[in-house]
Amino acid sequence: MADERGDEREEDVEGFKERQHFASVLRAFDYYERWASARLSRVEADFRRLSPAHQQLLEIDAKVTALRAAVRQNAEVLALIIGPHRAHIGAIEEQAGLMPAGRPLESDMEKLQSTIKQFVREWSAEGAAEREAAQAPLLAALERALPGGAVRGARVLVPGAGLGRLAWEVARRGFTSQASEFSYFMLIASNFVLNSLQPHGSVNVHPWVLQTCNCKTYEDQARACAVPDVEPWSLDAAARLSMCAGDFVEVYREQQAQWEAVLSMFFIDTAHNIVEYIRLFRQILVPGGAWVNLGPLLWHYTDTPDEAMSIMIVV
Ligand SMILES: C[S@@+](CC[C@H](N)C(=O)[O-])C[C@H]1O[C@@H](n2cnc3c(N)ncnc32)[C@H](O)[C@@H]1O
């Protein structure tokens, strides 16, 4: 009995933390325009400190005006993405015990920026070469590993699925595909692309609007990128694609022999403990199933002192 109450309290605390986290992610989406505009204001303020002769040489006024318009357009897309939740942000914050309209963490704003850039990698024509380099070999290896698998709808799991494009491609080929993802930034944005974008057809984002390094010209910074490059809703009615929210290890730890393939792309270096990931792949795969992997070994937690653990492999 005492144990049960302890478990319930733990669940309450976990649920509360989860709501808090969800509210802070929504707040980051909602705060984007103020945050990005403040960055542009700093550029302008620095510029005004230059001598009139230098100011005349650089002439940034028209450029900053265009960048502000690009920020506005990003903010409009982000408002669409959180559309279903937007009216309730205040209520969600109150429920989650957050200060209303509090300033989001800088790290959340950076994650939001990465989410906007992830649209390019996964769902834009500009990202086609990157996808060809990463997804094409994985998909070819999948078809080699499971001959006839697409025809019979073999079950394939894509952990760390980001905005879901690889899992979508897997489903498009006929496999039964499940994407696993734990970041609310990615989950909210992929839900928009896969389920709510259709009435808008496409949207324009400006992924590099705040990027000042490695831009040759101002046009690189201001460039718009149309999303998506394909119609995500064009999947055959019989296609099987699902998205599973939560930590990969937590969600699948009880499963045994459920999947014919695990397709990991730029994922395994997110492990706190790589042994745990690899053992879990083995456990959830059917005998003779395939694990296909591609991506770097930039162990995410190696240099973060506050993170609990980082067990990696160096071969
Ligand atoms: C480097 S990104 C790669 C995304 C995508 N696969 C790609 O190649 O573009 C790693 C992804 O894994 C997700 N992720 C990290 N750890 C995870 C975990 N334990 N469970 C589920 N997703 C996780 C992150 O949120 C992020 O979207």
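The values are calculated or read from the model by the stated rules, or taken from the named source; none is laboratory data. In this text the structure is predicted, and so the values were computed from the model without any measurement. Glycine also receives a Cβ, built like all others from the backbone with ideal geometry; neighbour counts cover every protein chain displayed. Ligands, DNA and RNA are excluded from the accessible area calculation, which covers all protein heavy atoms including side chains. Shrake-Rupley method; radii C 1.70, N 1.55, O 1.52, S 1.80 Å.
Checking the a/c ratio against 1.5 first, then a/b against b/c, what shape does the Cα gyration tensor give for the stretch 107-315? Oblate shape, in that a/c is at least 1.5 and b/c is the bigger or equal ratio. Using a Gaussian network model of the chain in which every pair of alpha carbons under 10 angstrom is joined by a spring, one finds that among ARG34, ARG48, ARG121 the greatest mean-square fluctuation is at ARG48. Stokes-Einstein diffusion of the stretch 1-104 at 37 °C, 0.692 mPa s viscosity, Kirkwood radius from Cα pairs, rounded to a whole number: 196 µm²/s. A dipole drawn for the chain from +1 and -1 charges on Cβ atoms has a positive end, and of HIS272, PHE185, ALA224 the residue lying farthest that way is ALA224. Bridging of LYS216 to lysines at a Cα separation below 29 Å is possible for LYS63, LYS111, LYS117, once same-chain residues fewer than 8 apart are set aside. Report note on the peptides 128-135, 233-240, 17-24: ranked by the mean count of other C-beta atoms within 10 Å, highest first, their order is 17-24, 128-135, 233-240.
Given 0.36 nm per residue, what is the gain on full extension from ALA237 to ASN214 after removing their alpha carbon distance, in nm?
4.0 nm
Counting 0.36 nm for each residue step from SER41 to VAL275 and taking away their Cα separation leaves a gain of 79.5 nm. Could you work out which residue, out of CYS213, CYS225, CYS244, moves most in a Gaussian network model of the chain, that is, has the largest mean-square fluctuation with Cα springs under 10 Å? Between CYS213, CYS225, CYS244, it is CYS213 that shows the largest mean-square fluctuation. When the chain is treated as a Gaussian network with alpha carbon springs shorter than 10 Å, the biggest mean-square fluctuation among VAL262, VAL77, VAL43 belongs to VAL43. Among beta bridges from DSSP that stay inside the chain, the antiparallel ones total about 15%.
Send over a whole-number figure in Å² for the accessible area per residue of the stretch 1-104, probe 1.4 Å. Please list the in-between numbers first.
Working: 6730 Å² over 104 residues.
Counting only protein heavy atoms, the per-residue value for the stretch 1-104 is 65 Å².
Residue ranges 52-61, 149-158 sort as 149-158, 52-61 when ordered by packing (mean number of other C-beta atoms within 10 Å per residue, highest first). Between ALA141 and ALA79, the FRET efficiency estimated from the beta carbon spacing at R0 = 35 angstrom works out to 0.30. Expressed as a whole percentage, what fraction of the accessible surface of the chain belongs to carbon and sulfur atoms when a 1.4 Å probe is rolled over the protein heavy atoms? Percent of accessible area from carbon and sulfur atoms in the chain: 53.
Each residue, ALA66 and ALA133, gets one label point 7 Å from its Cα in the Cβ direction; the gap between the two is 2.7 nm.
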